[in-house]
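Every read-out reported here was derived from the displayed coordinates using simple, explicitly stated rules and does not represent laboratory data. Only a predicted model underlies this, so the values are computations on that prediction, with no experimental measurement involved. Neighbour counts are summed over all protein chains in view; Cβ atoms, including those assigned to glycine, are modelled from backbone coordinates with ideal geometry.
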Amino acid sequence: MNLIEFAVPTAAAFPGMTVRELFTECVKANSAVLPFQAASGKFTGRASIRHILGEVCIPEAMIEHARLLGDTITALQFPPIREKELLDMTIDEFIIEDIPTITPASPMVKALAVMQSYSTSYLFVIDDEHNYHGTLSTVSLARRFLDRNSP
């Protein structure tokens, strides 16, 4: 079984890409993260919507005490966010260098084990020649299982 059949094709993030471009590509692919391809052509990290929003929009203290926050926290103010400025920023400073990957020839059980080891629900399918084939997610796996076994 080749994992490419389970992967969802997406674009790759690149140096100098804006947050707007990243968000646009992620929304098109219905994916919250893209692999980051360095100028050398090698995949060296990942660009995550959640990570960017967490870094820019949420004070660290709120993250640390999130479970203690009530649903009516109107007294707490978020830092001023200028959406256009955020969207015009480049993603370069927000790249997560740890990148969960799997090769197309890897068995499904290895893919699931790697997901568990990264505490994530996705992997990037990248072959030995550094060709990116798409994102493998638990949802794409479930979709393929259903497609293959529908009555």
Next on the checklist: Suppose we flag trypsin sites (Lys or Arg not before Pro) only when DSSP calls them loop and at most 15 other Cβ atoms lie within 10 Å. Which is the longest uninterrupted stretch of the chain?
Outcome noted: 83-151
Checklist entry - Applying the Karplus parametrisation 6.51 cos²θ - 1.76 cosθ + 1.60 with θ = phi - 60° to the phi angles of the range 138-151, what ³J(HN,Hα) value in whole Hz is obtained for each residue in order, glycine and proline being reported as x? => result 4, 5, 5, 5, 4, 4, 5, 4, 5, 4, 6, 10, 7, x
Item to check | Helical contribution to [θ] at 222 nm, DSSP H n ≥ 4, -39,500 (n - 2.57), averaged over the chain, rounded to 500 | outcome: -10000 deg cm²/dmol
Checklist entry - Once phi is turned into θ = phi - 60°, what whole-Hz ³J(HN,Hα) does the Karplus curve with 6.51, -1.76 and 1.60 give for every residue of the range 97-113, x standing for Gly and Pro? => result 6, 6, 10, x, 10, 8, 8, x, 7, 5, x, 3, 4, 5, 4, 5, 5
Next on the checklist: Run the numbers for V139 and A113: contour at 0.36 nm per residue of separation, minus the present Cα-Cα distance, in nm.
Outcome noted: 7.8 nm
Checklist entry - Taking the alpha-carbon centroid of each part, what is the distance from the range 3-32 to the range 83-151 in angstrom? => result 11 Å
Checklist outcome for this item: Each label sits 7 Å from Cα toward the beta-carbon; between T18 and D127 the label points are separated, in nm, by 3.4 nm
Item to check | Lys, Arg +1 and Asp, Glu -1 on Cβ, resulting dipole of the chain about Cα centre, debye, nearest 20 | outcome: 520 debye
Checklist entry - If you look at just the Cα atoms of the chain, how large are its Rg and its Dmax in Å? => result 17.6, 54
Next on the checklist: Treating the range 103-151 as a set of equal point scatterers at the Cα positions, no solvent, please give the Debye-formula log₁₀ I(q)/I(0) at q = 0.15, 0.23, 0.30 Å⁻¹.
Outcome noted: -0.43, -0.88, -1.17
Checklist outcome for this item: Among beta bridges assigned by DSSP with both residues in the chain, the antiparallel ones amount in percent, to the nearest 5, to 80 percent
Checklist entry - Each residue of the range 51-56 in order: what ³J(HN,Hα) in whole Hz does its phi give by Karplus 6.51 cos²θ - 1.76 cosθ + 1.60, θ = phi - 60°, with x for Gly and Pro? => result 5, 4, 4, x, 5, 8
Item to check | For the chain, with +1 on Lys and Arg beta carbons and -1 on Asp and Glu, the positive-most of I4, L86, H65 along the dipole | outcome: I4
